[in-house]
Amino acid sequence: MNSTQTLSLEYFPPRDIAAQERLVRSAKRLAALNPAYVSVTFGAGGSTRAGTVDAVQMLQNLGSEVAPHLSCMGASLADLTAILDDYQARGIRRLVALRGDMPSGMGGDTGALHHASELVAFVREHYGDHFHIEVAAYPEMHPQAQSVEHDLQHFLAKVQAGANGAITQYFFNPDAYFHFVDRVRAAGVEIPITPGIMPVTNYAQLARFSEMCGAEIPRWMRLRLQAFGDDRASIRAFGIDVITTLVARLLEQGAPGVHFYTLNHADAVAQICANLDL
Ligand code: FAD
């Protein structure tokens, strides 16, 4: 990693005491990697708003710069203002601004804002440049987009509205990332687009996530992972090897850094970073 490339880590709010203890252990261990910031996810429909705030506070207490994720799905403007005022009062300077998703099976109010670009514009209008804003990017296209071209235009609208940087959905094919970055640069946009990296430690979980978010598991990886069956040690060793190679290639070929989806586990991320001397 060169002096301008950054490492960031993503956590999610724990749902019980055991999960909370695991988050604290993982965050303490991974703090040794000296991340530029750590981020905390936000549940759709505000379901884990309190959990996000508690996790943000805990990570701030550990001395990390924290970037809470904020989604506008299901939120009123008053809800968003209350959250943003609270973050501003807590000294938060960074946000990951998202639309979010409606929890499946729940109809109802989608909220005052309908796209992440509107949330970015709202934050800029009311909080000026107080927050550094990251937005989501989809090298393999967001699953609900009409087309890759529409999705690119919607991404560019978030930058136009004031995003400072982007974090991608995870992917395993680096060409998808570099191709996306080339298209963004061809549109004259220069913000850093940081690859989101998903460690591979559990095939069933990865297959489920990938189905939902539209990330492709390449055939060769899928077949190897399926062949390991319940052999978790082999899945883990294979996953660490594949992701180490992916991260090495991304950093060598000019990615501005990497953002790890830790899933609140330290082992795989620590091992990948150790392999690469990060
Ligand atoms: P948008 O950028 O608004 O795009 C969503 C879809 O709408 C796309 O298909 C886009 O092409 C389309 N679109 C955008 N603007 C328009 C327009 N004007 N007209 C028509 N179509 C439009 N989810 C959570 O619930 N909590 C989290 O903490 C969270 N963290 C995430 C972090 C990262 C780095 C990433 C990549 C995703 C995260 N997600 C999270 C998932 C995210 O909320 C979903 O992918 C969601 O479906 C889209 O959010 P978005 O911010 O990308 O939406």
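Based on this model, can you work out whether residue 143 counts as modelled with pLDDT of 95 or more and part of a loop (DSSP other than H, G, I, E, B)?
yes
Which residue out of 161, 187, 215 is within 16 Å of the ligand (Cβ to nearest atom), buried (at least 20 other Cβ atoms within 10 Å of the Cβ), hydrophobic (A, V, I, L, M, F, W, C) and more than 19 Å from the chain's Cα centre (by Cα)?
Unique residue meeting the criteria: 161.
For region 125-137, check the following and say yes or no: at least one residue is in contact (Cβ under 8 Å) with a residue 60 or more places away in the chain, in a loop (DSSP other than H, G, I, E, B), within 15 Å of the ligand (Cβ to nearest atom) and not hydroxyl-bearing (Ser, Thr, Tyr).
There is no residue in region 125-137 that is in contact (Cβ under 8 Å) with a residue 60 or more places away in the chain, in a loop (DSSP other than H, G, I, E, B), within 15 Å of the ligand (Cβ to nearest atom) and not hydroxyl-bearing (Ser, Thr, Tyr).
Answer yes if at least one residue in region 101-112 is over 20 Å from the mean Cα position of the chain (by Cα) and hydrophobic (A, V, I, L, M, F, W, C), and no otherwise.
Yes: region 101-112 contains one or more residues that are over 20 Å from the mean Cα position of the chain (by Cα) and hydrophobic (A, V, I, L, M, F, W, C).
Here are 115, 130, 142: which of them is surrounded by fewer than 21 Cβ atoms within 10 Å (Cβ to Cβ) and touching a Gly at 6+ places or on another chain (Cβ under 8 Å)?
Exactly one of 115, 130, 142 is surrounded by fewer than 21 Cβ atoms within 10 Å (Cβ to Cβ) and touching a Gly at 6+ places or on another chain (Cβ under 8 Å), namely 142.
Considering only residues that are surrounded by fewer than 20 Cβ atoms within 10 Å (Cβ to Cβ) and among the aromatic types (Phe, Trp, Tyr), look in region 223-260 and name the one that is farthest from residue 135 (Cα to Cα).
It comes out as 228.
Looking at the structure I just gave you, is residue 97 small (Gly, Ala, Ser) and touching a residue at least 12 places away in the same chain (Cβ under 8 Å)?
So residue 97 passes the test.
Does residue 9 count as more than 16 Å from the ligand (Cβ to nearest atom), crowded, with 22+ Cβ neighbours inside 10 Å, of a type outside the set (Gly, Ala, Ser) and within 12 Å of residue 64 (Cα to Cα)?
The answer is no for residue 9.
Across region 164-179, what is the total count of residues that are buried (at least 21 other Cβ atoms within 10 Å of the Cβ) and more than 12 Å from the ligand (Cβ to nearest atom)?
Selection size over region 164-179: 2.
Out of region 161-200, which residues are in contact with a Pro (Cβ under 7 Å, 6 or more places away or on another chain) and under 21 Å from residue 241 (Cβ atoms)?
171, 172, 173, 176, 177
Can residue 223 be described as at pLDDT 95 or above, touching a strand residue (DSSP E or B) at 6+ places or on another chain (Cβ under 8 Å) and assigned to a helix (DSSP H, G or I)?
In short, no.
Those residues that are surrounded by fewer than 20 Cβ atoms within 10 Å (Cβ to Cβ) and within 16 Å of the ligand (Cβ to nearest atom), I need them from region 50-77; list them, please.
Selection gives 50, 51, 53, 54.
Report, ordered by the first and then the second residue, all pairs with beta carbons closer than 7 Å, sequence separation of six or more or different chains, a first member in region 154-168 that is under 15 Å from residue 139 (Cα atoms), and a second member that is hydroxyl-bearing (Ser, Thr, Tyr) and surrounded by fewer than 17 Cβ atoms within 10 Å (Cβ to Cβ).
none
Taking region 30-77, which residues are of a type outside the set (A, V, I, L, M, F, W, C), assigned to a loop (DSSP other than H, G, I, E, B) and within 22 Å of residue 267 (Cα to Cα)?
34, 35, 41, 63, 64, 65
Evaluate the following for residue 269: is it within 16 Å of the ligand (Cβ to nearest atom), aliphatic (A, V, I, L, M), surrounded by 15 or more Cβ atoms within 10 Å (Cβ to Cβ) and closer than 21 Å to residue 139 by Cβ?
For residue 269, the condition - within 16 Å of the ligand (Cβ to nearest atom), aliphatic (A, V, I, L, M), surrounded by 15 or more Cβ atoms within 10 Å (Cβ to Cβ) and closer than 21 Å to residue 139 by Cβ - is met.
Quickly run through region 138-153 and pick out the residues that are over 19 Å from residue 100 (Cβ atoms) and touching a residue at least 40 places away in the same chain (Cβ under 8 Å).
139, 140
Give the residue, chosen from 119, 156, 80, 152, that is touching a strand residue (DSSP E or B) at 6+ places or on another chain (Cβ under 9 Å), within 13 Å of the ligand (Cβ to nearest atom) and assigned to a helix (DSSP H, G or I).
Exactly one residue qualifies, and that residue is 119.
The values are calculated or read from the model by the stated rules, or taken from the named source; none is laboratory data. Everything quoted here is computed from the prediction, not taken from an experiment. Don't worry about glycine lacking a Cβ; one is built from the backbone with ideal geometry, like all the others, and counts go over all protein chains shown.
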